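Okay, so here's the structure we're looking at.
The values are calculated or read from the model by the stated rules, or taken from the named source; none is laboratory data. The structure displayed is predicted, hence computed values, not measured ones. So basically every Cβ, Gly included, is an ideal-geometry build from the backbone, and we count neighbours across all protein chains shown. Surface accessibility is based on the protein's heavy atoms, side chains included, excluding ligands, DNA and RNA. Shrake-Rupley method; radii C 1.70, N 1.55, O 1.52, S 1.80 Å.
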Amino acid sequence: MLYTVFWLALTFGLHIMLVNLGIFLALYVPYLKWKADKEGDEGLEKVAYKLMRFYAATYGVAGVFATAFTVFLLSYYPNFLGLAGNIAMIPFGIAITMIVLHFFSIATFYYGWYRWSRPVHYTLGFLLALSAILIPLGFRSVFAFLNIPVGLHFANGKPYLNVSEALGNPTLWPLYFKSLVAAITAGSLAIAGGLAYSYHKSEDQAYKAAINKVLRQLAPVSLTGLILMFFLGLWYAYTLESIPYKFNNVFASLGWKVGDGVVHYNVAWVFVLKMILYVFQFAVIIAVYKYMRSGSMPFAKAKLLLYGGLAALATIMLGEWLNAFSQYPYFIACLGSPQSCQSILAEIPKDQLPYIAKILNLENYNQLAVVSSVRMLTDGFMLFLLASVVYFFYAYFFKPEKA
Amino acid sequence: MNLLGQWASYPAFHDRVLSMIGIEVHWAILQYVLGLSAISFILYLIYLKTGDKKWEKLAYTTFKGFVIVFAVGAATGTASEFGLVLLWPNLTEAAGRYVYFPLYAEVFAFLLEVIFVYLTFYGWRKFGKAAMVVLLFLSVLGPWYSAAMIVSVNSYMVAPTGIEPAYNLATGHWMYDQGYPKVTLVVPKDLVKDLNVTLLEKLGMDVKGTTNDAVIVAMPSRIVQRLAYESWAGYKVKDSILKVVVNKTTIAHMSKDQLNKLLNTPVKAIVDKILVKTVETVGVTWVTFKSPVYAASIMHVIGAALTVSSFTMLGAYAMRIRKYKNASKEYKEYINAAFKFAVVFALIVIAVQGLVFGHEMGRAIAHYNPEKFAAMEATTVQITPVTKYLPGGEKLVALLAYGNPNAPLPSYDKIPNDYCVCQLTKAQDLARIGGTCRPPLLIHYLYYTKITLAVLLGFYALILTGYLWWKKDPEKTPGWLLSLGIVAIIVVHLVSYLGWAVREIGRKPWTIYGIMTTDVAHTINPASTTAVALVALFFILILIALGYSVWKFLWVPGRPEEEV
């Protein structure tokens, strides 16, 4: 794998895993807080606060991997980012404004937990949830564009984006809904797993009772999410049939072919791995479902649920890699099967085609950014900081407080 | 003279205003990210030295303030980053291609920040004192390292490495007729052979030396900016000013196909070769740090952050003193200690910021951005400069800027309107850059407002220090003097903001001085005015809401378990 692609893939994978957990928490914690207030359940509020504290502690780590990804992209592929910046103002704009709102909501919702009036706190919770839903809409619009650049036009030799056409991208809505449901499913499984595990470590009865309530709620959420994921995954796969290059890289060697059925960059094994993890999650939820609903979870089952949650997060990462690598080395998937976006490509002025084709190829990276001194620095720093992230989570979860 | 009109006349006015608001929101937050982290570290060291718990409590409160604003700062930083990509994509592309290193290395700073800031905050009760010192130090190092990286890129935009300014201090004359300002470039020899060097020298280019495979030249910025424009506008050699300076002898020996290939070569490909060679020669990792204004800029930025943070602490604790009448003795002692610390610290940092860092910044600008300096000092008959009202004003400025009261100041009125445009494409260039190469005179008033307010802040801190020294007890400070603390918070932000505004607005019509003009940096698909206004409003509302929230979290008593 190319050095540049390796770092992009790693930072993006870690980012997306934490972000999915975050989307679920952003939707669930405000609801839990409201329910705790409504029922006057202090234990439930304690769970909600703990989850929010976890979110406040980890969203920055998610953000940092996003920044690392963006900066790697800027340094390795500056021309691509320049082109994207010139045409993708609206989708990126939606994502950016919502990111600002989301970070603001996290800070005010968490640090103001005991300070706001309930209506204000609920409003902040609503903003937290709303922004969590809208950030991926902006970004998934960009990802759909990277499948097929629907809405791309040229006027006087300059590219521009017709946003209403872009919203009609056949890959956008399945990708967006699949992402949201995946976040809810993986998030609910991972959080349920973590809480079930902490149930057996806690001696606080009110807190334990609240965990039982939460597990009871999350069981059907996880199960329904897993079932929905099957259909949403299928929907997305069907829309990718219009891009044979991408589709065949995933499915052709498994027997599902479109067009010429040629595999250019085989990523079927990633898909198979993802399916194994998916089946494992299904098995886990079936195995623990009745315990989650009954409010009595043996420790062995709690551990199993935790593994299921971790598998769910790993599935998210694999899914993202699958989506990206299946179009390798193209930034825009349909360039691998030009017939799938012929009308769009026909608009590109002929004299610009070689330049655009060059900058949309991941194998043409900025040589200045991979000089040996910078590579050494990158490797050393990333290693140190990944170790620090692991230590951070260790200290957060396991290190006891001093008396 | 219509100063606002002049400022608005440069390209992309709406997007410049939006960037200004977006970056200002981020800038305001950064003051605390850089300042509060350092103050918290100092307070913790005091706690270690004295063993007095109130200093630890104060260190924690300060750190908590830092963590809250850091969270939003990360978001506004992301927004600024994307804002640059969307509003100024060509600048972003150029930065990513040629001066990427500080931006790249900044990621590691950000990683340091996120991990150690949160580890410190969530581990406050989990780690021993020695570990806390290390964690707090790393929490300072992250933001300061981050600032060092970003400021280097901005310094490069203010004065690129190798810039040769147009003002001759010895004669007091501008040297535009000799092609200044000039940008140092390293041109690969395989390109040099295709160029008419004699003609280029007539146009103002100086050959400075050679390397094994390249020639080092000082190229007039009027040619460099034109080539930058042609690069991003998709020009080919056949339509470019390069066609004029192509070596006719080389062409004469070319086949038709070779000639055709040369004429159809994108200008961007040629410019790219030159810039890559230049960056490689100067040093990929060092190129921005060698900007002649870098050292002064980073000191000035850190100084601003410490000043804003300390005056904010001062104002906040002054308000506490006004309201703590019936509080416990222990609480009063805690607030008094915090107030005394903030006052003395504010006095020290504003003095150093003004007398050392600010002075060095001013000197750097006078030497390397003489056009901006002329606008800052309004050496013109078009408006009345503030210095006219100060006895010996101009001599004082000359003394501070050049170390000689009799040194001539650069005349704004003698800056030609067209010094930055290529004479072969003068009409087109002037039209796209907004009609003039002169920087906006508005910055004169912004600059002197800033200086005046900063001096007033300095006096305020001095008076408070004197009062504390005289009366010993902060509670005996007159109420009106304490109330001014709140005004000081607003004023110190205004001062900091005005400093940044002078730096950025004063660079017009350039985005990268001597290299890239604003129109080239700008997106080819700008958003509508309404969209820009809405986003700007959104940012302002977020800033106000954040300010209110931080005040509520830190100054309105909360649940006891939130205390250390």
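Considering the conditions (1) within 30 Å of A:Ala369 (Cα to Cα); (2) crowded, with 24+ Cβ neighbours inside 10 Å; (3) β-branched (Val, Ile, Thr), B:Thr120 is excluded by exactly one of them, (1).
Quick grid of which residues meet (1) without any contact (Cβ under 8 Å) to a residue 24 or more places away in the chain; (2) in a helix (DSSP H, G or I); (3) open to solvent by 20 Å² or more (accessible area, probe 1.4 Å); (4) among the β-branched types (Val, Ile, Thr):
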{"residue": "A:Gly85", "(1), (2), (3), (4)": "yes, yes, no, no"}
{"residue": "A:Ala95", "(1), (2), (3), (4)": "no, yes, no, no"}
{"residue": "A:Pro119", "(1), (2), (3), (4)": "yes, yes, yes, no"}
{"residue": "A:Leu128", "(1), (2), (3), (4)": "no, yes, no, no"}
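Scanning the stretch B:467-480 for residues that are open to solvent by less than 50 Å² (accessible area, probe 1.4 Å) and over 15 Å from B:Asn336 (Cβ atoms) returns B:Pro478, B:Gly479. For B:Gln382, the criteria (1) open to solvent by 40 Å² or more (accessible area, probe 1.4 Å); (2) assigned to a helix (DSSP H, G or I) hold in every case but one, which is (2). Only residues that are of a type outside the set (Val, Ile, Thr) and either free of Cβ contacts under 8 Å to residues at least 40 places away in the same chain or open to solvent by 20 Å² or more (accessible area, probe 1.4 Å) (or both) were counted across the stretch B:19-35, and they come to 7.
Taken over the stretch B:247-271, the criterion of being within 18 Å of B:Leu200 (Cα to Cα) and surrounded by fewer than 18 Cβ atoms within 10 Å (Cβ to Cβ) is satisfied by B:Asn247, B:Lys248, B:Thr249, B:Thr250, B:Ile251. How many of the residues making up the stretch B:436-450 are open to solvent by less than 40 Å² (accessible area, probe 1.4 Å), not in a helix (DSSP H, G or I) and not hydroxyl-bearing (Ser, Thr, Tyr)? Final tally of qualifying residues: 4. When B:Leu390 is tested against the conditions (1) of a type outside the set (Phe, Trp, Tyr); (2) without any contact (Cβ under 8 Å) to a residue 24 or more places away in the chain; (3) closer than 23 Å to B:Asn168 by Cβ, the lone failure is (3). Among B:Leu195, B:Leu169, which is the only one that is crowded, with 17+ Cβ neighbours inside 10 Å and under 30 Å from B:Asn406 (Cβ atoms)? Of B:Leu195, B:Leu169, the one residue that is crowded, with 17+ Cβ neighbours inside 10 Å and under 30 Å from B:Asn406 (Cβ atoms) is B:Leu169.
Residues of the stretch B:9-18 that are open to solvent by 40 Å² or more (accessible area, probe 1.4 Å) and either closer than 17 Å to B:Thr312 by Cβ or touching a helix residue (DSSP H, G or I) at 6+ places or on another chain (Cβ under 9 Å) (or both): B:Phe13, B:His14.
Annotation: of all residues in the stretch A:229-262 being touching a residue at least 12 places away in the same chain (Cβ under 8 Å), among the small types (Gly, Ala, Ser) and not in a helix (DSSP H, G or I), the one that is least open to solvent (accessible area, probe 1.4 Å) is A:Gly261.
Say whether the condition of being out of contact with any Cys (no Cβ under 8 Å at 6 or more places or on another chain), within 11 Å of chain B (Cβ to nearest Cβ) and without any contact (Cβ under 8 Å) to a residue 12 or more places away in the chain is met by at least one residue in the stretch A:321-339. Looking for residues that are out of contact with any Cys (no Cβ under 8 Å at 6 or more places or on another chain), within 11 Å of chain B (Cβ to nearest Cβ) and without any contact (Cβ under 8 Å) to a residue 12 or more places away in the chain, one finds none in the stretch A:321-339, hence no.
Given the criteria open to solvent by less than 20 Å² (accessible area, probe 1.4 Å) and out of contact with any Pro (no Cβ under 7 Å at 6 or more places or on another chain), does B:Met319 qualify?
Working: open to solvent by less than 20 Å² (accessible area, probe 1.4 Å): no; out of contact with any Pro (no Cβ under 7 Å at 6 or more places or on another chain): yes.
No; evaluated as a whole, the condition is false for this residue.
A search for C-beta distances below 8 Å between a residue of the stretch B:469-481 that is outside the structural domain of B:Val343 (by TED's automatic domain parsing) and any residue that is exposed (fewer than 10 other Cβ atoms within 10 Å of the Cβ) and among the charged types (D, E, K, R), counting only pairs 6+ apart in sequence or on different chains, returns nothing.
Looking only at residues of the stretch B:393-425 that are open to solvent by less than 10 Å² (accessible area, probe 1.4 Å) and under 18 Å from B:Tyr167 (Cβ atoms), we find that the one that is nearest to the chain's Cα centre (by Cα) is B:Ala401.
Looking at the structure I just gave you, is A:Met292 in a loop (DSSP other than H, G, I, E, B), touching a residue at least 60 places away in the same chain (Cβ under 8 Å) and open to solvent by less than 70 Å² (accessible area, probe 1.4 Å)?
Numbers: in a loop (DSSP other than H, G, I, E, B): no; touching a residue at least 60 places away in the same chain (Cβ under 8 Å): yes; open to solvent by less than 70 Å² (accessible area, probe 1.4 Å): yes.
No: the conditions fail for A:Met292.
Among the residues of the stretch A:390-401, is there at least one that is in a helix (DSSP H, G or I), closer than 30 Å to A:Ser326 by Cβ and in contact (Cβ under 8 Å) with a residue 40 or more places away in the chain? No, every residue in the stretch A:390-401 fails to be in a helix (DSSP H, G or I), closer than 30 Å to A:Ser326 by Cβ and in contact (Cβ under 8 Å) with a residue 40 or more places away in the chain. The residue of the stretch A:362-371 that is farthest from A:Tyr328 (Cα to Cα), among those that are surrounded by 15 or more Cβ atoms within 10 Å (Cβ to Cβ) and polar (S, T, N, Q), is A:Asn366.
Here A:Thr123 meets the list (1) more than 7 Å from chain B (Cβ to nearest Cβ); (2) in contact (Cβ under 8 Å) with a residue 40 or more places away in the chain almost entirely, failing just condition (2).
In the set B:Ala295, B:Ala228, B:Ala214, B:Ala218, only one residue is of a type in the set (A, V, I, L, M, F, W, C), farther than 30 Å from A:Pro354 by Cβ and surrounded by 19 or more Cβ atoms within 10 Å (Cβ to Cβ); that residue is B:Ala218.
Listed by first and then second residue, the pairs linking a residue in the stretch B:277-289 that is more than 10 Å from chain A (Cβ to nearest Cβ) to a residue that is open to solvent by 40 Å² or more (accessible area, probe 1.4 Å) and assigned to a loop (DSSP other than H, G, I, E, B), with Cβ atoms under 7 Å apart and 6 or more places separating them unless they lie on different chains, are B:Thr281/B:Thr211; B:Val282/B:Lys290.
For A:Ala84, only one of the following conditions fails: (1) farther than 22 Å from B:Thr285 by Cα; (2) touching a Phe, Trp or Tyr at 6+ places or on another chain (Cβ under 7 Å); (3) at the interface with chain B (Cβ under 8 Å from one of its Cβ atoms). What is its number? Every listed condition holds for A:Ala84 apart from (2). Which one is farthest from the other protein chains (Cβ to nearest Cβ), of the residues in the stretch A:365-378 that are part of a loop (DSSP other than H, G, I, E, B) and touching a residue at least 40 places away in the same chain (Cβ under 8 Å)? Across the stretch A:365-378, the extreme among qualifying residues is A:Tyr365. Checked against (1) surrounded by fewer than 16 Cβ atoms within 10 Å (Cβ to Cβ); (2) in a helix (DSSP H, G or I), A:Asn212 meets all criteria but (1). Counting only helices (runs of 4 or more DSSP H) that sit wholly inside the stretch B:81-166, those with at least 2 residues that are closer than 21 Å to A:Ala387 by Cβ and at the interface with another protein chain (Cβ under 8 Å from one of its Cβ atoms) are B:100-122.
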